[in-house]
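First the structure, in the form of structure tokens, and then the observations on it.
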Amino acid sequence: MIIQQNSKDNIDWGGTPWIVKQFSHPERTIRLATTFSGIGAIEYAIRRLGLKTEIVFAGDIDKNCKTTYFANYNIEEERWHTDIHLFNAKPYKGKVDLLVGGAPCQAFSIVGDQRGFEDTRGTLFREFARVIKECMPKVFIFENVQGLFKHDNGRTWDVIRKTFEDYCGYDIHYQLLNARDYGVPQTRERLYCIGFKKKTIFKYPVPIELAYRMYDFMEDYIDSPFYSQQQGKKILSINKEHRDKLIKGTEEESFLDFIFETRDVEDKYYLSEKVAKYVLAGGTKNFKTSTKTDLNIARPLLQSMHKMHRAGVDNYVTYKKEKGINGIRKLTPRECHRLMGFRDDFNIVVANTAAYMQAGNSIVVDVLMAILKQLDITKYGVNK
């Protein structure tokens, strides 16, 4: 059952690519609500798409996330919740067009005879489902790790799906999508579940060709076909003609374009010789690691990126720190945010440790943009 729904049949292979789709009602405002909001990936996706949005409510238990969120989005204090267990979404019923959240599901324990919503007691997912039930959004998006499918031999996801369908009353679609298929050079496969209030025919967006590699997102890398010596910037645009116009300053940046300033990376990001040897070691007999650096497509960014090394998951790059000397370094917080789809206008206002965690816990913005285009999210918006 899970394999059948999460299959290539769910992809819109024969349809119009999402990157060229047009919104039917771009003048409308999307009334957006989020829980487990993090640093606001869906908010930033809507911004990159140039759509109007009103934040109905948002919230996260992490104080650093709140600091970052308030530094980047227009929201009043009374619309922010810290503890979802205490949050009452009933006053917002009929006032939410799109609800987005990614409740942590690591603590799931499925017991008994798969009794649907009752089996989710004590989990944060239960609170997410309650919020759906209380505010009844027109559409919701639930994002989570791919392992959720396999947890407890699939019974965990079966309970979640049934909860969305039977308790919340939504038409449910779900699919695993990988960031590298939607414009960002990072291997990051996640579950994207979409719920509709009414029975809806929907297929997920078709992948696009990956035009960039990880090094194009690095701060100090200029040996790139996208580097403009004239401007001292990297201008990442899929269409060369459009890119040339951006270099000349005769055209506006599109939602798919990235324009990055180039700058030197501070010495603190470079690894000492001793640590570099450890990073490039072969691991232990029980925990092997790839020793390759300078990947074209980044390994998954995890919340542990602030740690010096975690075999198999961290990304390290080499660069000529000085003439004739190659240095090995970890990614900077800005580079991690870029590889999650956040442009350089996104304000990073917390310490590096928190910034790494926030990037690693976020949703890839470009995947959300693809979904919003495929949904034609403006159909669900309102005139304001």
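The values are calculated or read from the model by the stated rules, or taken from the named source; none is laboratory data. Just so you know, these numbers come straight off a predicted model, no measurement behind them. When we count neighbours, we look across all protein chains shown, and the Cβ atoms used for this are built from the backbone with ideal geometry, even at glycine. All accessible areas refer to the heavy atoms of the entire protein, side chains included, with ligands and DNA or RNA removed. Shrake-Rupley method; radii C 1.70, N 1.55, O 1.52, S 1.80 Å.
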> Just one of Y212, Y170, Y227 is out of contact with any Asp or Glu (no Cβ under 7 Å at 6 or more places or on another chain) and open to solvent by 20 Å² or more (accessible area, probe 1.4 Å); which is it?
Replying inline: Y227
> Taking only pairs six or more apart or across chains, which ones have beta-carbon atoms under 6 Å, a first residue in region 257-269 that is without any contact (Cβ under 8 Å) to a residue 40 or more places away in the chain, and a second residue that is open to solvent by less than 100 Å² (accessible area, probe 1.4 Å)?
Replying inline: D257/S237
>> Considering only residues that are open to solvent by 40 Å² or more (accessible area, probe 1.4 Å) and either among the charged types (D, E, K, R) or not in a loop (DSSP other than H, G, I, E, B) (or both), which ones fall in region 32-63?
In response: R47, K52, T53, E54, D62, K63
>> Filter region 329-361 down to the residues that are surrounded by fewer than 24 Cβ atoms within 10 Å (Cβ to Cβ), assigned to a loop (DSSP other than H, G, I, E, B) and not hydrophobic (A, V, I, L, M, F, W, C) and list them by number.
In response: T332, R343, D344, D345, N347
> Inside region 281-305, can you point out the residues that are in contact with a Lys or Arg (Cβ under 9 Å, 6 or more places away or on another chain), open to solvent by 60 Å² or more (accessible area, probe 1.4 Å) and modelled with pLDDT under 70?
Replying inline: S290
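Search region 85-100 for residues being hydrophobic (A, V, I, L, M, F, W, C) and open to solvent by less than 60 Å² (accessible area, probe 1.4 Å), and hand back the single one that is farthest from P137 (Cα to Cα).
At the first step, the residues of region 85-100 found to be hydrophobic (A, V, I, L, M, F, W, C) are 86-87, 89, 96, 98-100.
Adding the requirement that they be open to solvent by less than 60 Å² (accessible area, probe 1.4 Å) leaves 87, 89, 96, 98-100.
On the way: F87: 16, A89: 11, V96: 5, L98: 6, L99: 6, V100: 10 Å.
That would be F87.
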> Any idea which of (1) of a type outside the set (G, A, S); (2) at pLDDT below 95; (3) in contact with a Gly (Cβ under 7 Å, 6 or more places away or on another chain) is the one H81 doesn't satisfy?
Replying inline: (2)
> Taking region 230-279, which residues are of a type in the set (A, V, I, L, M, F, W, C), open to solvent by less than 30 Å² (accessible area, probe 1.4 Å) and outside any helix (DSSP H, G or I)?
Replying inline: I235, L236, L256, F258, F260, V265, L271
> Can we say K384 is under 30 Å from I19 (Cα atoms) and open to solvent by 50 Å² or more (accessible area, probe 1.4 Å)?
Replying inline: yes
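Taking region 64-84 as the region of interest, how many residues are assigned to a helix (DSSP H, G or I) and either free of Cβ contacts under 8 Å to residues at least 60 places away in the same chain or surrounded by 17 or more Cβ atoms within 10 Å (Cβ to Cβ) (or both)?
Residues meeting the conditions: 11.
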> Out of D113, D166, D119, which single residue is in a helix (DSSP H, G or I), out of contact with any Leu (no Cβ under 7 Å at 6 or more places or on another chain) and modelled with pLDDT under 80?
Replying inline: D119
> If you take the residues of region 197-229 that are in contact with a Leu (Cβ under 9 Å, 6 or more places away or on another chain) and part of a strand (DSSP E or B), which of them is modelled with the lowest pLDDT?
Replying inline: S228
> Which condition does F23 not pass, out of (1) farther than 27 Å from N178 by Cβ; (2) touching a residue at least 40 places away in the same chain (Cβ under 8 Å), if it passes all the others?
Replying inline: (1)
>> Looking at region 149-166 only, could you name the residues that are open to solvent by 10 Å² or more (accessible area, probe 1.4 Å) and under 23 Å from A370 (Cβ atoms)?
In response: F149, R161
